[in-house]
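Below is one structure, written out as structure tokens; the observations come after it.
The values are calculated or read from the model by the stated rules, or taken from the named source; none is laboratory data. Please read all numbers here as calculations on a predicted model, not as lab measurements. Because the Cβ atoms are built from the backbone with ideal geometry, glycine has one as well, and the counts that use them run over all protein chains shown. Remember, those area values only see protein heavy atoms, side chains included, never the ligands or the DNA or RNA. Shrake-Rupley method; radii C 1.70, N 1.55, O 1.52, S 1.80 Å.
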Amino acid sequence: MQRLQSGMNVLDCGRAPGSIIVGFAQIVALGRVKGVDLNEDDVRRVEELARIVETPNATFRSADIYALPLADESFDAVFAHGVMEHLAEFDAAIREMVRVLKPGGLIGARSSDHDGHIYFPQDSLIDESLKLIEQVVKRNGGDRNIGRHLRALFIEAGIERVDASASYESSGSFDQTRTDGESMALIFLEPSFVKAAVEEGYEDAGRLEEIAVAWNSWGEWLDAFRACAWCEVVGLKP
């Protein structure tokens with residue numbers, strides 16, 4: 001969020017990489033940043049990163065975006081990275097973000113748009129894995145293509161001066177594709193994802209292990225490339 005200034009109080013709602021929260025803390029300097037996430041493991045991970053880079057103005061807690069344990073109109077800016085695509089109730093989440101935001105405050109979100117993702121070289125197991133992720137997210141009420149709808153959702157919520165844009169995050173070097181492949185592989189080995197996948201009809205966990213191997217192998221290809229589409233939106237609370 002390029003409009004952040006020193007002295008602002010910022011709320012980051014869930015799933016943002018720790019580097020983003022730390023970056024916010026450094027930008028607002030004399031202000032403060034609070035990060036909330038439903039996953040306590042993610043909270044602890046970001047806390048550790050904040051300690052390493054010495055950002056004392058950043059604090060973290062486990063919280064539900066639908067019921068933030070925070071006072072009305074207590075932040076100058078609220079941001080959600082990689083969150084909206086996992087939610088079943090977009091409107092309720094936006095309303096709660098607006099509630100804790102001061103009048104005239106900044107509200108922003110950044111979410112992926114699955115149909116804009118590309119990768120090379122193609123692999124049938126990886127194709128299958130991407131469809132599975134979409135199925136699991138949809139089963140939980142989310143939408144992997146929510147990015148293109150963010151501007152409309154913000155406008156419908158009464159947010160003013162809503163601007164939207166799009167960008168790509170890519171893996172185009174050997175180190176990047178290896179890390180990307182390893183990260184994707186881990187998704188299909190996580191117990192929570194395995195459970196959800198089984199409920200989607202993947203009765204053989206061995207198949208998920210094959211998918212993990214396929215992602216690791218893809219990351220080792222010298223000509224591998226992947227690019228993921230993201231949509232951003234920012235506006236002002238009336």
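List of remarks:
- Condition check for residue 95: out of contact with any strand residue (DSSP E or B) (no Cβ under 9 Å at 6 or more places or on another chain), farther than 23 Å from residue 195 by Cα and not polar (S, T, N, Q): yes
- Condition check for residue 6: in contact with a Leu (Cβ under 8 Å, 6 or more places away or on another chain), at pLDDT below 70 and polar (S, T, N, Q): no
- Only one of 69, 56 that is at pLDDT below 95, over 18 Å from the mean Cα position of the chain (by Cα) and closer than 19 Å to residue 31 by Cβ: 56
- Helices (runs of 4 or more DSSP H) fully within the range 116-231 counting 1 or more residues that are open to solvent by 70 Å² or more (accessible area, probe 1.4 Å), farther than 30 Å from residue 99 by Cβ and touching a Lys or Arg at 6+ places or on another chain (Cβ under 9 Å): 174-187, 191-199, 205-220
- Near pairs, Cβ below 9 angstrom, 6+ apart or cross-chain, from the range 193-213 (on the phi > 0 side of the Ramachandran plot) to any residue that is of a type outside the set (A, V, I, L, M): 201/135
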